[in-house]
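Here's the structure, in structure tokens; my notes come after.
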Amino acid sequence: MGNGYHHTPVMVREVLEGLLVKPGGRYIDATVGEGGHAEAILKACQPGGRVLGIDADASSIHSGRGRLKGYGDSFLTAVGNYAQIGTICGQADFHPVQGVLFDLGISSRQLDDGVRGFSFQREGPLDMRFDPSQELTAYDIVNTWSEVDLARGIWSYGEEPRSRQIARALVAGRPIKTTLDLARLITEVARGARRRIHPATRTFQALRIMVNLELESLKAGLGQVIEVLASGGRLAVITYHSLEAVIVKAFLRQEFRGCICPPEALICTCGRSPTMRQVSRKAIAPSQEEITANPRSRSARLRIGERI
Ligand SMILES: C[S@@+](CC[C@H](N)C(=O)[O-])C[C@H]1O[C@@H](n2cnc3c(N)ncnc32)[C@H](O)[C@@H]1O
């Protein structure tokens, strides 16, 4: 930090190396936020290189544009959901590209802004939308969903062992208006339990994922990356929790393998061949030095594939 921007980009060196950023190349930052990674990519692809930054959050894009205005026409932006990355690139006539980056989840800018309603440590409305023009908010889910649906969602997307008790407490505590009211109710349920993390962490994660249809968007976005990558182009994805990682691993495994016939099939009938080549066997983690300097990087894992 210290540059006036909230968010410290994660594993910047590893991303630049993973994407093989070079002068004159064309790159997409599908989660551009305030432009931390985009700035590094733009710097590394000069002269002649260009970056298209996409984000669902118009105010983050606005901040990123201000930061990168010195790059002129080399930095393009699109407010939109990466679930439509193919259409967005088509409209901007920005393909094929040499690299695509997804840095998933939430930025520090969004987390630290109480009004956005993402944090259980800051008073704010129950909002949690990346795209504030979207209708569904966390308030709607918390205050209108059935106890069964709430419990299922908190379990599936938060992996919260007390999902049923929490869902019961939420239904009994309605109307729940603010982030801190919600956090207090969840903390009551978890009273006496030994926890490594704040008792509301998993429920807040689940709500954020449900409000923004994060896992569906990720699957949709990855599915279109093959079309926009040039041959030899690289895909880099940074995940922050296991639900994201499972989707990215399954996608890469399928593209490395090609064939999508069921494992019990004796011969291949799908006729698909691999579209990507594996670059490193294991996910790349941040260095200890980076984790010390930026504890929020601790859970980040970077996976890379190369378009054949
Ligand atoms: C971890 S931040 C990215 C930070 C950025 N790499 C940087 O260095 O500043 C994730 C960003 O992804 C955006 N985002 C999340 N889901 C999205 C989606 N489905 N489509 C587009 N943007 C999304 C969020 O609004 C947020 O700005």
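FYI, it's all coordinate maths here, none of it is from the lab. Predicted model only: the values in this text are computed from it and were never measured. Backbone-built Cβ (ideal geometry, glycine too); neighbour counts: all protein chains shown.
Results, tabulated for the structure shown:
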read-out: In region 48-98, residue nearest to the ligand (Cβ to nearest atom) [restricted to those that are buried (at least 20 other Cβ atoms within 10 Å of the Cβ) and of a type in the set (V, I, T)]; value: I54
read-out: Selected residue [touching a helix residue (DSSP H, G or I) at 6+ places or on another chain (Cβ under 7 Å), assigned to a loop (DSSP other than H, G, I, E, B) and hydrophobic (A, V, I, L, M, F, W, C)] from I260, I247; value: I260
read-out: Region 236-253, residues that are crowded, with 17+ Cβ neighbours inside 10 Å and either more than 14 Å from the chain's Cα centre (by Cα) or more than 16 Å from the ligand (Cβ to nearest atom) (or both); value: F251, L252
read-out: Selection count, region 180-203, where residues are of a type outside the set (V, I, T) and in a helix (DSSP H, G or I); value: 8
read-out: Identity of the residue in region 219-235, out of contact with any Gly (no Cβ under 7 Å at 6 or more places or on another chain) and not in a strand (DSSP E or B), that ends up farthest from the ligand (Cβ to nearest atom); value: I226
read-out: T269 over 23 Å from the mean Cα position of the chain (by Cα) and among the hydroxyl-bearing types (S, T, Y); value: yes
